[in-house]
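Student: What follows is a single structure, and I will ask about it in a moment.
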Amino acid sequence: MKPIIKPQELVPMLQQEALILIDARSGPTAKDKYEAEHLQDALYVDLETDLARPTANAAEGGRHPLPSAQEFAEFLGQLGIQPSSHVVVYDDVSGANAAARFWWMLKALGHEQVQVLDGGYAAAVAAGIPTSNQTEQPAAQAPYPQQGWQLPLAEVEEVERAAQEADSLVIDVRAAARYRGETEPIDLVAGHVPGAINIPYTSNLDSNGFYLSPAALREKYEKALDNRKTENVMVHCGSGVTACHTLLAMDYAGMEIPKLYIGSWSEWSRSGREIATGEK
């Protein structure tokens, strides 16, 4: 199953019993937006409370550390998601926030039938997918069967080593101005991990906010990897959320999914480690 689904591909699937729609819009007004209007039958997930377990000290794990696999499995059961479920998740920023994070977390538990809706909420509405302001009630099930996170993760010490090794690669997907240290709207210090390269997640999208073709994405990332093994590639962002957009892009391109550095810049910038600015 492709990890990206076009709105027009979703339309004929809407009556399938196994289909579960997930609204992963995030931000301070996301719940209000969901309650005002959402895709019919979509269940709401909250980035801050359902897809992360923030701690008092972002220097250890960053701003959006993962919940345990067991906690997430219990949450999936509350949503009615089981191994046979076909899950389609959307947000309103071209998959760049919690939609890609939810996709990665499901994939990391071993779930195969999960897709991100290309173009997000606006594209779905434009395609004629029905909306609703009704309270949706999930058909709760037992916790999702899990054996821990199955996709690779990187810790800060591994990222520090990898960024200085020729056969490894650390990709920072934040906006170029944040990477260069010209601005930092969220975290405490501006800059980037010394040795990391910058490939903004927005370069995964065309001018209309849809993912580039698998062929175009594969060409871009194979060039960046330059024959490095995927097991030596680590991807990060500000707090381990938007990085999943690039992991999704690479999966869509038919490539192996690299390691996710969950702590990302929010952890690194608070850890006392060296910080670089500029283009390199």
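Derivation of every value follows stated rules applied to the coordinates shown; laboratory data play no part. As the structure is a computational prediction, the values presented were derived from the model and not from experiment. Cβ sites come from the backbone with ideal geometry, for glycine too, and all protein chains shown count toward neighbours.
Student: For segment 60-83, does any single residue satisfy the condition of being of a type in the set (D, E, K, R), at negative phi and touching a strand residue (DSSP E or B) at 6+ places or on another chain (Cβ under 9 Å)?
Tutor: Within segment 60-83 (the criterion being of a type in the set (D, E, K, R), at negative phi and touching a strand residue (DSSP E or B) at 6+ places or on another chain (Cβ under 9 Å)), the answer is no, since none of the residues qualifies.
Student: Hey, among the residues in segment 30-48 that are not acidic (Asp, Glu) and not in a helix (DSSP H, G or I), which one's nearest to Ala73 (Cα to Cα)?
Tutor: Val45
Student: A follow-up question, please. Could you grab me the full set of residues in segment 164-199 that are over 21 Å from the mean Cα position of the chain (by Cα), assigned to a loop (DSSP other than H, G, I, E, B) and farther than 20 Å from Met250 by Cα?
Tutor: Across segment 164-199, the qualifying residues are Gln164, Glu165, Ala166, Gly181, Glu182, Thr183, Leu188, Val189, Ala190, Gly191, Pro194, Gly195.
Student: Just checking, does segment 206-215 include any residue being surrounded by fewer than 20 Cβ atoms within 10 Å (Cβ to Cβ) and outside any loop (DSSP other than H, G, I, E, B)?
Tutor: Yes.
Student: What's the number of the condition His192 fails, among (1) in contact with a helix residue (DSSP H, G or I) (Cβ under 8 Å, 6 or more places away or on another chain); (2) without any contact (Cβ under 8 Å) to a residue 12 or more places away in the chain?
Tutor: For His192, the failing item is (2).
Student: As an exercise: evaluate Tyr90 against (1) surrounded by fewer than 20 Cβ atoms within 10 Å (Cβ to Cβ); (2) of a type outside the set (Asp, Glu); (3) in contact with a Leu (Cβ under 6 Å, 6 or more places away or on another chain) and give the number of the one condition it does not meet.
Tutor: (1)
Student: Sort through Ala73, Ala52, Ala99 and tell me the only one that's outside any loop (DSSP other than H, G, I, E, B) and either free of Cβ contacts under 8 Å to residues at least 60 places away in the same chain or buried (at least 21 other Cβ atoms within 10 Å of the Cβ) (or both).
Tutor: Result: Ala99 is the single residue among Ala73, Ala52, Ala99 that is outside any loop (DSSP other than H, G, I, E, B) and either free of Cβ contacts under 8 Å to residues at least 60 places away in the same chain or buried (at least 21 other Cβ atoms within 10 Å of the Cβ) (or both).
Student: Checking Glu136 against (1) in contact with a strand residue (DSSP E or B) (Cβ under 8 Å, 6 or more places away or on another chain); (2) outside any loop (DSSP other than H, G, I, E, B); (3) charged (D, E, K, R): exactly one of these is not met. Which one?
Tutor: Among (1) in contact with a strand residue (DSSP E or B) (Cβ under 8 Å, 6 or more places away or on another chain); (2) outside any loop (DSSP other than H, G, I, E, B); (3) charged (D, E, K, R), the lone unmet condition for Glu136 is (2).
Student: So which pairs qualify, if the first residue must be in segment 16-33 and hydroxyl-bearing (Ser, Thr, Tyr), the second must be buried (at least 16 other Cβ atoms within 10 Å of the Cβ), the Cβ gap must be under 7 Å, and the two must be at least 6 apart or on different chains?
Tutor: Sorted first by the residue in segment 16-33, then by its partner, the pairs are Ser26/Leu47; Ser26/Asp91; Ser26/Asn97; Ser26/Ala98.
Student: Among the residues of segment 256-272, write down those that are under 17 Å from Arg174 (Cβ atoms) and either touching a Gly at 6+ places or on another chain (Cβ under 6 Å) or without any contact (Cβ under 8 Å) to a residue 40 or more places away in the chain (or both).
Tutor: Correct list: Ile262, Gly263, Ser264, Trp265, Ser266, Glu267.
Student: Considering (1) over 13 Å from Glu155 (Cα atoms); (2) touching a Pro at 6+ places or on another chain (Cβ under 9 Å), say which one Gly263 fails and leave the rest.
Tutor: Exception for Gly263: condition (1).
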